[in-house]
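Trainee: Take a look at this one; I'll ask things after.
The values are calculated or read from the model by the stated rules, or taken from the named source; none is laboratory data. Predicted model, so just to flag it, every value in this text is computed and none were measured. Cβ atoms come from the backbone with ideal geometry, glycine included; neighbour counts cover every protein chain shown.
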Amino acid sequence: MDNKIYSIGLIDSGVGGLTVFKELEKLLPEERMVYFGDTARMPYGPRKPEEVKEFVLQIIDFLQTQDIKMVITACNTATAVGLEYYKNKLEIPVIGVIEPGAKMAVSLTKNKKVGVIGTEGTVKSGAYEKAIKGLDKSIEVYSQPCPLFVLLVENNLIHTKEAKRVAESYLQPLKEEGVDTLILGCTHYPIMADLIGEVMGPEVTLVNSAEATAQLAKEILEGEEMLVKRDKMPSHRFFVSGRTTGFNEVASKWLNKEIKAYRVLLD
């Protein structure tokens with residue numbers, strides 16, 4: 001690559017992908033990141049796969065104006081419906097959040113019962129079940145859509161009584177099945193991991209695919225000799241398709257620093 005500083009591009013429907021951003025910042029503190037939250041069109045979960053793929057390609061087109069060297073679809077729904085599709089459109093590395101999370105769950109489960117919670121789109125796609133069964137056919141996979149979780153996170157409502165009631169309702173079937181490992185199959189969900197863990201109980205291990213995705217990104221960039229080498233801290237950039245106020249509030253709280261996003265209108 002030339003002497004220009006290239007960035008890692010992250011795509012999500014809203015604030016959820018910030019969980020991947022946070023892990024990347026810990027693992028690769030010298031890398032610059034450009035984050036895009038499609039807040040005007042979230043949630044992606046109930047949308048048709050073709051629609052989500054079109055949205056992601058629009059965002060990729062924008063990110064390519066920002067000197068990116070890798071794309072991370074930090075959104076389970078976007079990954080589930082079109083990871084290979086995006087890969088075929090680009091010459092730079094493109095990774096998603098499903099395979100890394102599935103591998104981590106397979107390595108952690110002891111009773112071979114793995115739960116998956118995600119958006120309607122992710123659960124309907126069967127992407128996690130396929131990835132887990134591809135690694136170990138003997139594992140039983142129990143999936144549960146939790147569509148309201150995204151709205152609770154985006155609207156900063158995770159510490160309310162209503163959030164706990166919703167969580168108990170969604171997670172009860174997985175508790176009854178006796179899963180010992182639960183994949184947080186939406187990048188919004190780690191933001192409410194404390195509540196999910198409280199409802200599931202201490203005997204259930206939560207899998208945050210953001211950690212595994214950050215590790216995979218590091219491995220790929222190392223392998224391609226694309227890691228940056230510099231001493232100063234990078235300046236990250238944040239973009240959204242909707243209003244910036246809500247995003248800035250949740251992002252600043254989650255990342256423990258002031259975040260100022262810029263609005264970009266997509267066609």
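Trainee: Look at the stretch 199-242 and say how many of its residues are closer than 26 Å to Ala167 by Cβ and in a loop (DSSP other than H, G, I, E, B).
Mentor: Adding up the residues that qualify gives 6.
Trainee: Same structure, new question: Taking the residues in the stretch 2-26 that are closer than 12 Å to Leu227 by Cα and out of contact with any Pro (no Cβ under 9 Å at 6 or more places or on another chain) as candidates, determine which candidate is surrounded by the fewest Cβ atoms within 10 Å (Cβ to Cβ).
Mentor: Tyr6
Trainee: Among Tyr44, Tyr35, which is in a strand (DSSP E or B) and either surrounded by fewer than 18 Cβ atoms within 10 Å (Cβ to Cβ) or assigned by TED's automatic domain parsing to the domain that holds Ala80 (or both)?
Mentor: Every option except Tyr35 fails the conditions.
Conditions tested, residue by residue: (1) assigned to a helix (DSSP H, G or I); (2) in contact with a strand residue (DSSP E or B) (Cβ under 8 Å, 6 or more places away or on another chain); (3) not assigned by TED's automatic domain parsing to the domain that holds Ile191.
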position: Ala102; (1), (2), (3): yes, yes, no
position: Ser107; (1), (2), (3): yes, no, no
position: Ile117; (1), (2), (3): no, yes, no
position: Thr122; (1), (2), (3): yes, yes, no
position: Val153; (1), (2), (3): yes, no, no
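Trainee: May I pose another question? Could you go through the stretch 12-20 and let me know if any residue there is closer than 18 Å to Ser241 by Cβ, in contact with a Leu (Cβ under 8 Å, 6 or more places away or on another chain), in contact (Cβ under 8 Å) with a residue 40 or more places away in the chain and not aliphatic (A, V, I, L, M).
Mentor: Yes, because at least one residue in the stretch 12-20 is closer than 18 Å to Ser241 by Cβ, in contact with a Leu (Cβ under 8 Å, 6 or more places away or on another chain), in contact (Cβ under 8 Å) with a residue 40 or more places away in the chain and not aliphatic (A, V, I, L, M).
Trainee: Same structure again: Do you know which residues across the stretch 181-224 are farther than 18 Å from Ala102 by Cα and within 12 Å of the chain's Cα centre (by Cα)?
Mentor: Of everything in the stretch 181-224, just one residue is farther than 18 Å from Ala102 by Cα and within 12 Å of the chain's Cα centre (by Cα), namely Ile191.
Trainee: Considering only residues of the stretch 73-92 that are in a helix (DSSP H, G or I) and of a type in the set (Gly, Ala, Ser), which is farthest from Glu54 (Cα to Cα)?
Mentor: Ranking the candidates gives Ala80 first.
Trainee: Continuing with this model, one more query. Of the conditions (1) under 18 Å from Val15 (Cα atoms); (2) out of contact with any strand residue (DSSP E or B) (no Cβ under 8 Å at 6 or more places or on another chain), Thr160 satisfies every one except a single condition; which number is it?
Mentor: (1)
Trainee: Next up: Considering only residues that are of a type in the set (D, E, K, R) and surrounded by fewer than 16 Cβ atoms within 10 Å (Cβ to Cβ), look in the stretch 88-130 and name the one that is nearest to the chain's Cα centre (by Cα).
Mentor: Lys130
Trainee: In the list Thr79, Thr65, which residue meets the criterion of being under 21 Å from Val116 (Cα atoms) and either under 16 Å from the mean Cα position of the chain (by Cα) or among the polar types (S, T, N, Q) (or both)?
Mentor: Every option except Thr79 fails the conditions.
Trainee: Would you check which residues across the stretch 124-151 are more than 16 Å from Thr109 (Cβ to Cβ), part of a loop (DSSP other than H, G, I, E, B) and either of a type in the set (A, V, I, L, M, F, W, C) or touching an Asp or Glu at 6+ places or on another chain (Cβ under 6 Å) (or both) and list them?
Mentor: Once the filter is applied, which keeps residues that are more than 16 Å from Thr109 (Cβ to Cβ), part of a loop (DSSP other than H, G, I, E, B) and either of a type in the set (A, V, I, L, M, F, W, C) or touching an Asp or Glu at 6+ places or on another chain (Cβ under 6 Å) (or both), the stretch 124-151 yields only Cys146.
Trainee: Next question. Hey, can you tell me all the residues within the stretch 178-198 that are out of contact with any helix residue (DSSP H, G or I) (no Cβ under 7 Å at 6 or more places or on another chain) and either part of a loop (DSSP other than H, G, I, E, B) or closer than 16 Å to Val15 by Cβ (or both)?
Mentor: Gly178, Val179, Asp180, Ala193
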